[in-house]
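What follows draws every value from the coordinates through simple rules; no lab data is involved. None of the values given here were measured: they were computed from a predicted structure. Positions of Cβ are backbone-derived with ideal geometry, glycine not excepted, and every protein chain shown enters the neighbour counts.
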Amino acid sequence: MRMIRSVSWLGLLLAALASAHAKLNVVATLPDYGAIAEEIGGDMVKVTSLAKGTEDPHFIDARPSFLRILNQADVLLEGGAEMEIGWLPALVNNARNPKILGDAPRHVLMAQGIPLLDVPLAPVDRSMGDVHPAGNPHFAHDPANGRIMAAHLVEVFSKLDPANALLYEANLRKFNERLDQKLAEWARLMEPFRGTKVVTYHKSYEYFAARFGLEIVGQIEPKPGIEPSPTHINALIPRMKEAGAKLVLIEPNRPRKTPQYVADAIGAKLVIVPGMVGGHEKIKDYFSLFDYDVAQITAALKELK
Ligand SMILES: [Zn+2]
């Protein structure tokens, strides 16, 4: 009896080890890609995101744990469009993980299939400091692009784990259904404010603004990634006043002083609008990112009315 019991325990242990082993180990550079991977992968994947939602995705300080995490990755998800070019390549090269050194399916560019905004007509010299030389890489901040990323991940996961392909398909259907429903809800909440003019710190709200009808009339940064000079701010203020900007949108990682100064000078409201999952404690997944951002913006605009 005792022996049978121990055998069955051993069986359970082996089954647990096997299923733990079978999980795809997915590493995402940014939490948005990680959040979508969780929706699609469900229990079949273990997802780790390197950057925090409160950080600037262009400039991530590599923590010592990053090399170990990348070393164990079965799949690496990065945005591409040069979003992570300042910090990721050295980590990938030093992680001693040949799986993620190559191209797809194990090294995935989430920008694949997404129409990028702000693609320069002429080559941009990155040495001038512009961190968007390949077009605007903040595409995850349009929930409609979430659908493209999710479909891409179904392809990737199904290739690496064909036994669970039907499950990934089913998760995609659930994700898309919920996204369609939420997109309609967010659009309805934003509709009364269509055409509202806003100033942003960085060129990171272009996708969100295009989706929900905000008009971006200027940036506090003179170029993406370049800190503002007093000359730039002094020239910006009369232009923004004339344009009738109502809000100044900044990410949680930005300094407050200059944006607040601009907001006060033009009679606008400063609003902290996270661009990524985890940018506020209430933003735990891809859907709550937009729940939160839409709530912040509509609450600020109602106060102004
Ligand atoms: Zn950027």
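Quick look at the values:
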{"item": "Qualifying positions in region 205-224 - among the charged types (D, E, K, R), away from the ligand (no atom under 16 Å from the Cβ) and more than 13 Å from D293 (Cβ to Cβ)", "result": "E215"}
{"item": "Subset of region 107-123 that is in a loop (DSSP other than H, G, I, E, B) and surrounded by 19 or more Cβ atoms within 10 Å (Cβ to Cβ) - its residue that is nearest to the ligand (Cβ to nearest atom)", "result": "A111"}
{"item": "Given (1) over 20 Å from E281 (Cα atoms); (2) within 16 Å of the ligand (Cβ to nearest atom); (3) surrounded by 18 or more Cβ atoms within 10 Å (Cβ to Cβ), number of the condition L70 does not satisfy", "result": "(2)"}
{"item": "Residue count, region 80-106 (criterion: more than 21 Å from S158 (Cα to Cα), in a loop (DSSP other than H, G, I, E, B) and within 20 Å of the chain's Cα centre (by Cα))", "result": "8"}
{"item": "First in region 279-295 and more than 15 Å from D142 (Cβ to Cβ), second anywhere and hydrophobic (A, V, I, L, M, F, W, C), Cβ under 7 Å, 6 or more apart", "result": "I283/V277; I283/L289; D285/A35; D285/V277; Y292/I283"}
{"item": "Single condition E227 does not satisfy, out of (1) in contact (Cβ under 8 Å) with a residue 12 or more places away in the chain; (2) among the acidic types (D, E); (3) within 16 Å of the ligand (Cβ to nearest atom)", "result": "(1)"}
{"item": "Region 194-214, residues that are surrounded by 15 or more Cβ atoms within 10 Å (Cβ to Cβ) and over 27 Å from I36 (Cβ atoms)", "result": "T196, K197, V199"}
{"item": "Evaluation of A62 against (1) touching an Asp or Glu at 6+ places or on another chain (Cβ under 9 Å); (2) more than 16 Å from the ligand (Cβ to nearest atom); (3) aliphatic (A, V, I, L, M); (4) in a loop (DSSP other than H, G, I, E, B) (one fails), failing number", "result": "(1)"}
{"item": "Residue check for A163: assigned to a helix (DSSP H, G or I) and surrounded by fewer than 17 Cβ atoms within 10 Å (Cβ to Cβ)", "result": "yes"}
{"item": "Selection count where residues are under 19 Å from the mean Cα position of the chain (by Cα) and either polar (S, T, N, Q) or within 16 Å of the ligand (Cβ to nearest atom) (or both), scope region 153-204", "result": "6"}
{"item": "Given (1) touching a residue at least 60 places away in the same chain (Cβ under 8 Å); (2) closer than 24 Å to I216 by Cβ; (3) surrounded by fewer than 18 Cβ atoms within 10 Å (Cβ to Cβ), number of the condition G53 does not satisfy", "result": "(3)"}
